[in-house]
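The values are calculated or read from the model by the stated rules, or taken from the named source; none is laboratory data. What you see is a predicted model, and the numbers here were worked out from it, not measured in a lab. In this analysis, Cβ positions are derived from the backbone assuming ideal geometry, glycine residues included, and neighbour counts consider all displayed protein chains.
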Amino acid sequence: MSMYKIAVIGGDGTGPEVVREGLKVLDAVNSKFDIKMEFTPFDFGGERYLRTGEVLPETAVSDLRQFDAIYLGAIGHPDVKPGILEKGILLKLRFELDQYINLRPIKLYPNVETPLKDKGPEHIDFVVVRENTEGLYVGAGGNMRKGTPHEVAIQTSINTRMGVERCIRYAFECARKRNKKKTLTLCGKTNVLTYAFDLWERTFHEVGEQDFPDIKREYAHVDATTMWMVKNPEWFDVIVTDNLFGDIITDLGAMIQGGMGIASGGNINPSGVSMFEPIGGSAPKYTGKNVINPMAAIGAVMMMLDTLGEKKASEAVETAMVGVMQQMKSMSAGKMGYSTTEIGDMVAKAVS
Ligand code: IPM
Ligand code: MN
């Protein structure tokens, strides 16, 4: 029997509502597979910041290090200036806990509508491995003469051999483990970003040639990647890319898999504490209405179980999700044919 300590950050807006449904499903799957979990709530988010003036308490990172995983709802509050909570909570945790992979499965499930004409579940099933601790997100740079006509703003992308290599290795492993097309596509911009993506490209081929001869290597510029994701998503198996490109293409990925209602992501430190979240954000206009789709948050639970090594439990959650999605009218908030809590109940019941 396994015992896990899980930190729960409901966060802002609809975050707590969808997390509640995810925990409902976790309870059901845990009792079925005899998994023991202990949940500890943390009140990080916009409300706490507005109340206390503090984004994260000083002990937050060291406290969170004591857990096996973090389950996050959403961060973002309409009354807080953009950037404060994102940088102060989400990015800080990713960096401090060295969650160097942002894992985003792009999978279209049966009965889920995609905006792509003539594409179905057999065409949309790939994974984006986004580097999560470097690149333009590091915040390297500065400005001078701010507010004057001579203002200068510099923001630099940081790419280290170590950071790039560990991300690329993870992506190769991922392609091997999936055992589907056995193809890893590097998404970059080697024709313009000739320093950063030169490092990425050399590392990609060196690591691939040495340690992953069984995995086919492909390359696509980021602009072309967005084009192929729409036109021929079936070409992709695993895509590896840097932090900013990954941020952009995974929102496109979320749309082609049926929208923010079902897109989940993992911030992974393979030897540390990982954090799982629905990627849709706090959706203030739907808050408290019991209309938001909790499927993405339930998908985050599935990813968490998988990362913890509870494969059977993870698969059981996915099977239950698929069954419930068959009964839903839409994946969009307010149009599902069921309420948030009803969907949670249905998935939990299907798991049991
Ligand atoms: C994401 C989000 C974040 C990011 C924001 C909220 C800082 O868009 O997880 O993709 O840019 O990484
Ligand atoms: Mn994003």
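Only residues in segment 199-211 that are assigned by TED's automatic domain parsing to the domain that holds residue 238 and under 12 Å from residue 186 (Cα atoms) count as the first member; pair them with residues that are surrounded by 12 or more Cβ atoms within 10 Å (Cβ to Cβ) and of a type in the set (Gly, Ala, Ser), Cβ under 8 angstrom, at least 6 apart or cross-chain, and list the lot.
Between residues of segment 199-211 that are assigned by TED's automatic domain parsing to the domain that holds residue 238 and under 12 Å from residue 186 (Cα atoms) and residues that are surrounded by 12 or more Cβ atoms within 10 Å (Cβ to Cβ) and of a type in the set (Gly, Ala, Ser), the close pairs are 200/188; 201/188.
Which of the following residues is outside the structural domain of residue 340 (by TED's automatic domain parsing) and under 30 Å from residue 19 (Cα atoms): 195, 219, 170?
Details: 195 fails: under 30 Å from residue 19 (Cα atoms); 219 fails: under 30 Å from residue 19 (Cα atoms).
Among 195, 219, 170, only 170 is outside the structural domain of residue 340 (by TED's automatic domain parsing) and under 30 Å from residue 19 (Cα atoms).
Which condition does residue 268 not pass, out of (1) within 23 Å of residue 169 (Cβ to Cβ); (2) free of Cβ contacts under 8 Å to residues at least 40 places away in the same chain; (3) within 15 Å of ligand 1 (Cβ to nearest atom), if it passes all the others?
Failing condition for residue 268: (2).
In segment 213-220, is there at least one residue being within 14 Å of residue 185 (Cα to Cα), out of contact with any helix residue (DSSP H, G or I) (no Cβ under 7 Å at 6 or more places or on another chain) and in a helix (DSSP H, G or I)?
no
Of all the helices (runs of 4 or more DSSP H) wholly in segment 40-156, which have at least 2 residues that are among the hydrophobic types (A, V, I, L, M, F, W, C) and at pLDDT 95 or above?
Details: elements: 46-52, 60-64, 92-96.
By residue number, 60-64, 92-96.
Just give me the residues in segment 216-247 being within 16 Å of ligand 2 (Cβ to nearest atom) and either buried (at least 24 other Cβ atoms within 10 Å of the Cβ) or touching a residue at least 40 places away in the same chain (Cβ under 8 Å) (or both), in sequence order. Can you show your working first?
Here is the first cut: in segment 216-247, the residues within 16 Å of ligand 2 (Cβ to nearest atom) are 222, 225-226, 229, 239, 241-247.
Hits for segment 216-247 are 225, 229, 239, 241, 242, 243, 244, 245, 246, 247.
Is there any pair linking a residue in segment 327-345 that is buried (at least 21 other Cβ atoms within 10 Å of the Cβ) to one that is of a type in the set (D, E, K, R), with Cβ under 8 Å and at least six apart or on different chains, and which?
331/113; 336/329; 340/17; 340/21; 343/21; 344/20; 344/21; 344/24
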